[in-house]
Each structure stands twice: as C-alpha cells, then as structure tokens.
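Some notes on the structure that comes next.
The values are calculated or read from the model by the stated rules, or taken from the named source; none is laboratory data. All of these numbers come straight from a predicted model, not from anything done at the bench. Using ideal geometry, Cβ is built from the backbone for each residue, glycine included, and neighbour counts are taken over all protein chains shown.
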C-alpha cells in the first residue's frame, strides 16, 4: 500500500513514462515560497487547485483527462473541486483517484479507444 500522495504520484509518473506514449504534466502548486514570490507567481498566472496530472490527449468523447491523486482519508480541497468543475465545462474528463492502481485503471480505460500504446 502506498503511504502518501507524493509517492503515489511518482509511481504513476514512472509508469506513464515507461509504459505509455501519453503527453502529460504536473503543475507544482504545492511548493513553499515567500509571500512576495507567491504574489508574483499569482500575477504570472499560477492557479490554486490545479489537479495533479493533466493529459491534453483526448478520446472520442473528451478533450483530455485530468487526475487528482489522493490517499484516504484526504479529500480534495474546495479549489481542487472548482478546478475540476472548470475543466469539465471545457470538455475534459476529471477523476479523483485514491490509489496508484485506480489511477492506472482510469488512464487505461480512458484511452482504451484511442491509438495510445501501453506496455506492461
């Protein structure tokens, strides 16, 4: 069992890099910074609540995929829910995954009807 969200994310990213051809990114919103630098970042467009993994490749139904990774009993914050709601309005599928296995299952299911290549 994976003990925290950072480890779960690193394992998921490792699997993505080794086993798929999917483009994706992580926005590092969890970093610590001074109030002054935080204000500068907000002016530059940093957005609170951005999900852990963003996949710009779509499938036959959605423009892309957005994943928020959590380890129970953690729950998404209000800003994380708002971000996913915004992305849903833009045509993206959004999921909150509570384990590494769930994240991999969601990714595989979402891209099962595309030309995405999966290695095991």
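Which of the residues belonging to the range 79-118 are more than 23 Å from residue 7 (Cα to Cα), assigned to a helix (DSSP H, G or I), touching a residue at least 24 places away in the same chain (Cβ under 8 Å) and out of contact with any strand residue (DSSP E or B) (no Cβ under 8 Å at 6 or more places or on another chain)?
The one that is more than 23 Å from residue 7 (Cα to Cα), assigned to a helix (DSSP H, G or I), touching a residue at least 24 places away in the same chain (Cβ under 8 Å) and out of contact with any strand residue (DSSP E or B) (no Cβ under 8 Å at 6 or more places or on another chain): 82.
If you go through the range 67-76 one residue at a time, do you hit one that is touching a helix residue (DSSP H, G or I) at 6+ places or on another chain (Cβ under 6 Å), touching a residue at least 60 places away in the same chain (Cβ under 8 Å) and over 22 Å from residue 111 (Cβ atoms)?
There is at least one residue in the range 67-76 that is touching a helix residue (DSSP H, G or I) at 6+ places or on another chain (Cβ under 6 Å), touching a residue at least 60 places away in the same chain (Cβ under 8 Å) and over 22 Å from residue 111 (Cβ atoms).
I'd like the residue in the range 32-58 that is loosely packed, with under 10 Cβ neighbours inside 10 Å and at pLDDT below 75 and, out of all such residues, is nearest to residue 115 (Cα to Cα). Full working, then the answer.
Looking only at the range 32-58, we keep the residues that are loosely packed, with under 10 Cβ neighbours inside 10 Å, and these are 32, 34-36, 43-45.
Those left that are additionally at pLDDT below 75: 32, 45.
Numbers: 32: 39, 45: 33 Å.
Here the answer is 45.
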